Every structure is written in structure tokens, then in C-alpha cells.
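The values are calculated or read from the model by the stated rules, or taken from the named source; none is laboratory data. Computed from a prediction, not measured in an experiment: that's the story for all the values here. We place every Cβ from the backbone using ideal geometry, glycine too, and count neighbours over all the protein chains shown. The accessibility values were calculated without ligands, DNA or RNA, using every heavy atom of the protein model including side chains. Shrake-Rupley method; radii C 1.70, N 1.55, O 1.52, S 1.80 Å.
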Amino acid sequence: MATDRVQVKRQFGHRAWLALNPAQIRLIDAQAHAARTSWNLLHDWWMMLPKDKRSLAAADAAIRQARQDLDWLAVLPAQAAQAVLKTYVQAWRNCWEGRAEAPAFKSRIRSVMSVDIPQGRDLNIVRVHRRWRMVNIPKVGRVRFRWTKDLPVGKRADKENRVTGARLVKDALGWHIAFRIQTLQAVPESHQGTEVGIDAGVNLPLALSDGNHFDHGRPARLPDGTADRDKWLTDHEKATLLRLEQRAAHRKSFRQPGERSSNRLRHTYDQIKQLRATATRRAVDWQHKTTTRIAEQYGTVVVEQLTITNMVKSARGTLHKPGSNVAQKAGLNRSISQEAWGRTVRMLTYKLAQRGGTLVKVPAPGTSLRCSACGLTMPGSRQNQATFVCKNPDCGFQANADWNAARNILHLYRIGHVAVPAAGRAVVRRARRVKPATVR
Ligand SMILES: [Zn+2]
């Protein structure tokens, strides 16, 4: 069946690590500091100006003047300085339209270092090896990066499929380049896969209602029952982390109140940050691989609508009514947040939409306590974190607790208890009379 499918524009990002030498790192660092300072000068100038004098043209002129007057601001390419202005104006627009707080000064230590390359044609990406490409960074030169995804560059680029720009971003592992890519793609046919419920488990990272589960083989808990927040690190790396933390605590003990951190202490902090960033990168890698497999296999994915911040908060309780077992619950909650459930759902949302599938969220209070075989919620049915044994004498259903919850989530979707059709094609279901959750 060869039908011409409707083409839609798709925009996405791709991030790659840049192989830089120390001199290049210093150059990009200087650009990032200049970009941040431009923002701060612009903000200062904007706030001092009477409201009727504030305009894009005046701001543009002010930035050009500042770049002429201050040598160290001129290390920032003109295009990147324009991008700072554009972002600043957009930040005010977001504020006026109620999407964000008013723009503020950017702190040297707390803000993320970044430089924009707004024009795709400046990048000039060239192949140098099967696995490496080179990109041009304004005022820095040619830089290698790893080629892990086929981007529309060179002969494969045209008006509709191209890299429209990029942004350099620094994290604990160094400078990265995030490409902005625009392509024209056919609207996918609706996914023929089955529907599945997924629970972000405590013991299984992702438990699926059909009995499958995706595991990264790294136990979420330590032998003493507390959550292992460094499960993505090897034993050797864990030992290194412990040693670094002890060293940081020791060095910190010599610091007087109000004194700056020593260079040695900051170096130790950087090493700790690097290990943590490595752990995060491994977790994201696993999430990407897993969510791609799920999106390929299933047409409709049902997830629980979690509010993670509320769960962490509620364990603590209030001043007048403190929560019980705070440490245990906080440990459990932390391992939930650590699995980065929100990121998994975001990945599933766009990956399913690309393949014609749908992600559905159901409000699911008590899915871990309800029996998925007989539908009763009996006190004490969930024996511990790992197993669920139904206390209904006629049922006696026994299963992994996370798997039981995943089956309950799918059940809620099948009876039409849908919260938000999150993305992809619209969820059109037959209207059924469903009792409110509180009654059922
Ligand atoms: Zn039962």
C-alpha cells in the first residue's frame, strides 16, 4: 500500500561530547564567561532604563557598544552575543505571559556555562573518520566529536532537513555540543502493538503488566535496606567516591566561616561531581535503550501519574504532625526519584509519538495495595517491598509487588480512568460510566 503520507516538521536535539585540548577549553570558557557577563550587563542596563525607553533596538545598540568598549567581551562571537539578547528578550516574554519568573542576574558559580551558535551554516560539519566528525566553533576552530547518530549534514542536508544551530554546554564531564536539528518526516501510521501498564517499581526499575520487566541488574538497595544512590557506579568507583567525600570533609574542617574554599577543596568537589555525572550518564543511557525498546514493542503505554515532589515532602510531614518512618520512606522516595521516573516518561512520550503510539497517564492512588486478581484492597496484602500476597481468603493471589501494581495501572486504563492523553494521537475511548475513584 503505497500512499503518500502527510509530512510533518520535526525538531529535535542531539548532544555530543567535544574532544578539546586545554587551550580550546580556555577559549570556550572565556566565551561562556563573556556570554554570562553580557547577560548581566544587559539585565542591569534594562532595569535602570525607564520603561518607555526599553526596546530591542536600544538593547542591540548597547550590546554593540559594550563589545567595542570592553576587550574581554569581544571574545564572544557577535552571533553569540546576539543570541544572548534574543534569549533575554524571550525570558521577559515568558515572564509577561506567565510561564516563568522575571529574568535575574546569572551567578558565576551557580549558572550553567553555555555559548550559543545560532547559525547552522557556521558549523560546517565534516567527516574525518567512520566514527568521528569535525565541527567548526567560531573563534576556536575545528573540533572533533563522536558521530553516533546520522545527522542531516553535507550532501544529505537540504532546506527541510538540516542542522539549524547548536549550543555549547559545560557539565562536570566537560564541554558538549547540542545540535538543533530540523527534519521533515512522514506522519507515522498508528502503532499496532498491544497495550501495557508500567510501574516504576522499587525493586524492579520498570515492571510491565504482561510479566516482562526491564532491569539494569543494579540492586536499588544496599544489604542493610537503605537505598543505594550510587548504584550506577562500580565497587571501585564507589570506594573512590567515599575516599573523595572523606577528603572533602577533612579539607572543609579547616575552613573558617566566610572564607573561600581552597583550590584543593574545589578540586575534590570537581572530582566528586565527575563521578556523579558518570553515574547519571549511565542511567540516561539505560533509560534511552529501554524506552526505545518499549516504544517499538507496544502501541499504548499506561503509566501512573506520580507527583514525586509531593511523595518526598509528605514523608517528612509537617512541624505539628511529623511523619513516621521518615528515614525509610525518604530512602524509598529517593530511590524513586533516582530512577528519574519523570525522564523515563518524557522519553516514552516522544518516542511513542514518533512511532504512532500513545502514552496515557492514569491517576493511580493505591495501585500498590490493590490485588490485581480479585480487585480488593485488603490491609496487609503487601507483605513487604518485594512481594504481594492477597489476604482475601477466596483469592490468595501472589506476585511480585511491582508487577501487581503494573497490572492495576493497565486495569485503570481499560475501565476508562484516564487522566491526561499525554501525547501522540488523541485517545478516543467509548464513554463508559465510571464511578469516581473515591467511591470505587
Ligand atoms: Zn486477591
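Scanning the range 252-279 for residues that are open to solvent by 70 Å² or more (accessible area, probe 1.4 Å) and part of a helix (DSSP H, G or I) gives 252, 263, 264, 266, 267, 269, 270, 273, 274. Residues in the range 395-433 that are open to solvent by 60 Å² or more (accessible area, probe 1.4 Å), at pLDDT below 85 and within 13 Å of the ligand (Cβ to nearest atom): none. Consider the range 160-171 and keep the residues that are open to solvent by 40 Å² or more (accessible area, probe 1.4 Å) and in contact with a helix residue (DSSP H, G or I) (Cβ under 9 Å, 6 or more places away or on another chain). The one that is farthest from residue 135 (Cα to Cα) is 171. Can you tell me which residue in the range 367-388 is modelled with the lowest pLDDT, limited to those that are crowded, with 20+ Cβ neighbours inside 10 Å and either of a type in the set (Phe, Trp, Tyr) or more than 32 Å from the chain's Cα centre (by Cα) (or both)? Looking at the filtered set, the residue picked out is 381.
Keeping to the range 363-394, report how many residues are acidic (Asp, Glu) and more than 14 Å from the ligand (Cβ to nearest atom).
Total meeting the criteria: 0.
If you go through the range 16-40, how many residues are within 15 Å of residue 80 (Cα to Cα) and without any contact (Cβ under 8 Å) to a residue 40 or more places away in the chain? Qualifying residue count, the range 16-40: 1. Considering the range 117-159, the residues that are under 15 Å from residue 179 (Cβ atoms) and part of a helix (DSSP H, G or I) include one that is most open to solvent (accessible area, probe 1.4 Å), namely 121.
So which residues in the range 81-116 are of a type in the set (Lys, Arg) and open to solvent by 90 Å² or more (accessible area, probe 1.4 Å)?
86, 93, 99, 108, 110
Hey, residue 296 hits all of (1) modelled with pLDDT of 90 or more; (2) surrounded by 16 or more Cβ atoms within 10 Å (Cβ to Cβ) but one; which does it fall short on? Every condition holds for residue 296 apart from (2). Do you know which of the residues in the range 3-29 that are of a type in the set (A, V, I, L, M, F, W, C) and in contact with a Leu (Cβ under 8 Å, 6 or more places away or on another chain) is surrounded by the fewest Cβ atoms within 10 Å (Cβ to Cβ)? Result: 8.
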